[in-house]
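Below is one structure, written out as structure tokens; comments come after it.
The values are calculated or read from the model by the stated rules, or taken from the named source; none is laboratory data. The model shown is predicted, which means the values in this text are computed figures rather than measured ones. Virtual Cβ from ideal backbone geometry, glycine too; neighbours counted across all protein chains shown. Areas reflect the complete protein model, heavy atoms only, side chains present, ligands, DNA and RNA absent. Shrake-Rupley method; radii C 1.70, N 1.55, O 1.52, S 1.80 Å.
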Amino acid sequence: MSTARAEFSSRFGFLMAASGSAVGLGNVWGFPTNAASNGGAAFLFTYLLLVFILGYPALMAELIIGRHTRSNAVGALQQLARGPASRLLGFVVGVAGIITVSLILCFYAVVSGWMVAWMFGSLTGAFGLEGVTQWLTTDATLRNAIFAVVFMAATVYVVRAGVREGIEKWSTRLMPSLIVIMGLLIVYVLTLDGAIDGLRVYLVPDFNRLANPGLIISALGQAFFSLSLGVGTMLIYGSYISRQENLPVVGSMVALLDTGIACLAGLLVLPAMYVALANGVQIYDAGGALIAGPQLIVVVLPALFETMGTAGVVIAFPFFVLLVIASLTSSISMLEVPVAYVVETYGAKRSRAVLVLGALITAICLVIVFNFGVLFDLVVMITTEYSQPLLGLLFVVFAGWIWNRNSILEELRQGNEGVEHSLFWKIWPFYVRFVCPVIIVAVYVQMIFF
Ligand code: TRP
């Protein structure tokens, strides 16, 4: 196409957008409880290791492919292909990525809608509007449908404004606010009774747990989901990075920011859970594990806020604002994937493409809301446990086996002269070729057969 392709205006803009994509609900309700239930610092350590031996190389594969091809996932993989067979594979993987990420957005919007409802609910609660608060904070299909739509509307609003004026502008506003809110909440929660017990389960390592094979699987799934890998999200953000940028450096910053914020979230969530325990709130499920996921956010923590009186009212609102910010900066990165494809392949106008795709995804999202019991867990499982790691595998296969090595080096040289002498170039090609595929396959086999 003749029009100039959009680009992030600065390194900071890219970092905020990419870490905004990576930091999401997964960091707040997945990582901390996963860590606490799997040996505390021992899990943290395994997770960090996995992020750096598997997540980072896979992230780099997407960023490099994206910047080199300056294209959406489908166009990009087809450009790397060497013949009709790999071209077809590129098409299939790209399209499967687009479908997967759109479905992830469908369930993500359902949950994010709850966060929006609770955010308003904590505000109306503070003003003593009991009836409205009750409605906003009670699980009901109608409420869920309304707020899923509200959340999707916000996502559409941001993405419609474009890469710089929408995604970058909102990410650079929202991500720093997220970090500030999280910092303040951590400081406050750590002063409460019981908080130190939470810190202990989070940070004291229990190495016996590392023998548990389930741990590696959950750490891997967590790493893939958290870094938004395998579906073309990071590829498309990579395609908006300037040629002057040093890719291995910015990629490692994204991985560090994501992991850093996940670790910080642990300092907030686990102490809060143990404060709740000290206040008589149930924090373990029937099986004796810490309550995680949506239940943690809409049952345990609200119960905690309730026991805290006025203080609870004051901290509930910033807490839900934090979750809504984390969700929104992730959802915009998901919607951008199909949007970029439709705009670049069919020459559609961006605003039109965003509206149509947004409406379509909202419609599927509503189908999930109205058939929650049957569909929700199923969609989550198919997309995040099967499709995402499998596609992640195929992305690294493209980078490691199909794409010509010299052209990768050429791409990396831009913004990083002398990269061929760097540690990155000594290790990374080998990693995407052998280590990443083998680990992903091994984890898969273990998941399916054991
Ligand atoms: N990484 C985000 C989180 O931790 C979610 C997310 C954003 C995502 N984009 C994605 C997950 C693409 C999978 C694929 O919540």
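In table form, for the structure just shown:
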{"quantity": "Any hit, the range 31-49, residues being at positive phi and either at pLDDT below 90 or within 14 Å of the ligand (Cβ to nearest atom) (or both)", "calculated": "yes"}
{"quantity": "Residue that is among the aromatic types (Phe, Trp, Tyr), out of contact with any Pro (no Cβ under 9 Å at 6 or more places or on another chain) and under 21 Å from TYR47 (Cβ atoms), where the choices are PHE151, PHE207", "calculated": "PHE207"}
{"quantity": "Residues being more than 27 Å from PHE120 (Cα to Cα) and touching a Gly at 6+ places or on another chain (Cβ under 8 Å) - total across the range 324-346", "calculated": "4"}
{"quantity": "Check on SER112, within 30 Å of SER252 (Cβ to Cβ) and under 22 Å from the mean Cα position of the chain (by Cα)", "calculated": "yes"}
{"quantity": "Candidates PRO338, PRO318, filtered to the one that is buried (at least 21 other Cβ atoms within 10 Å of the Cβ) and in a helix (DSSP H, G or I)", "calculated": "PRO338"}
{"quantity": "Selection within the range 354-379 - within 21 Å of the chain's Cα centre (by Cα) and open to solvent by 50 Å² or more (accessible area, probe 1.4 Å)", "calculated": "ILE364, ASP377, LEU378"}
{"quantity": "Test for GLU411: is it within 16 Å of VAL249 (Cα to Cα) and crowded, with 19+ Cβ neighbours inside 10 Å", "calculated": "yes"}
{"quantity": "Residue match in the range 119-131 (condition: under 20 Å from the mean Cα position of the chain (by Cα) and either open to solvent by less than 20 Å² (accessible area, probe 1.4 Å) or farther than 23 Å from GLU336 by Cα (or both))", "calculated": "no"}
{"quantity": "Selection from the range 215-266 of residues that are of a type in the set (Val, Ile, Thr) and under 14 Å from the mean Cα position of the chain (by Cα)", "calculated": "VAL231, THR233, VAL254, THR259, ILE261"}
{"quantity": "Residue tally, condition in contact (Cβ under 8 Å) with a residue 24 or more places away in the chain and open to solvent by 70 Å² or more (accessible area, probe 1.4 Å), over the range 147-171", "calculated": "3"}
{"quantity": "For ARG200: the one exception among (1) within 30 Å of GLY309 (Cβ to Cβ); (2) modelled with pLDDT under 95; (3) within 16 Å of the ligand (Cβ to nearest atom)", "calculated": "(3)"}
{"quantity": "Check on THR155, under 27 Å from ARG5 (Cβ atoms), within 15 Å of the ligand (Cβ to nearest atom) and among the β-branched types (Val, Ile, Thr)", "calculated": "yes"}
{"quantity": "Single unsatisfied condition, GLN282 versus (1) within 30 Å of LEU335 (Cα to Cα); (2) open to solvent by 30 Å² or more (accessible area, probe 1.4 Å)", "calculated": "(1)"}
{"quantity": "Selection status of ALA278, at pLDDT below 90, hydrophobic (A, V, I, L, M, F, W, C) and over 20 Å from the mean Cα position of the chain (by Cα)", "calculated": "no"}
{"quantity": "Any hit, the range 77-96, residues being within 15 Å of the ligand (Cβ to nearest atom) and open to solvent by 20 Å² or more (accessible area, probe 1.4 Å)", "calculated": "yes"}
{"quantity": "Per-region count, the range 414-450, residues open to solvent by less than 30 Å² (accessible area, probe 1.4 Å) and aliphatic (A, V, I, L, M)", "calculated": "4"}
{"quantity": "Enumeration of residues in the range 229-254 that are within 12 Å of the ligand (Cβ to nearest atom) and either under 16 Å from ILE53 (Cα atoms) or assigned to a helix (DSSP H, G or I) (or both)", "calculated": "LEU229, GLY230, THR233, MET234, LEU235, ILE236, TYR237, VAL254"}
{"quantity": "Cβ pairs under 9 Å, 6+ apart, first in the range 204-233 and modelled with pLDDT under 85 and among the aromatic types (Phe, Trp, Tyr), second more than 8 Å from the ligand (Cβ to nearest atom) and part of a loop (DSSP other than H, G, I, E, B)", "calculated": "PHE207/GLY39"}
{"quantity": "Filter result (open to solvent by 30 Å² or more (accessible area, probe 1.4 Å), of a type outside the set (D, E, K, R) and outside any helix (DSSP H, G or I)) within the range 1-34", "calculated": "MET1, SER2, THR3, ALA4, ALA6, SER9, SER10"}
{"quantity": "Subset of the range 50-72 [at pLDDT below 90 and in a loop (DSSP other than H, G, I, E, B)]", "calculated": "none"}
{"quantity": "Check on VAL397, more than 18 Å from the chain's Cα centre (by Cα), away from the ligand (no atom under 16 Å from the Cβ) and open to solvent by less than 10 Å² (accessible area, probe 1.4 Å)", "calculated": "no"}
{"quantity": "Matching residues, the range 363-404, being of a type in the set (Phe, Trp, Tyr) and without any contact (Cβ under 8 Å) to a residue 12 or more places away in the chain", "calculated": "TYR386"}
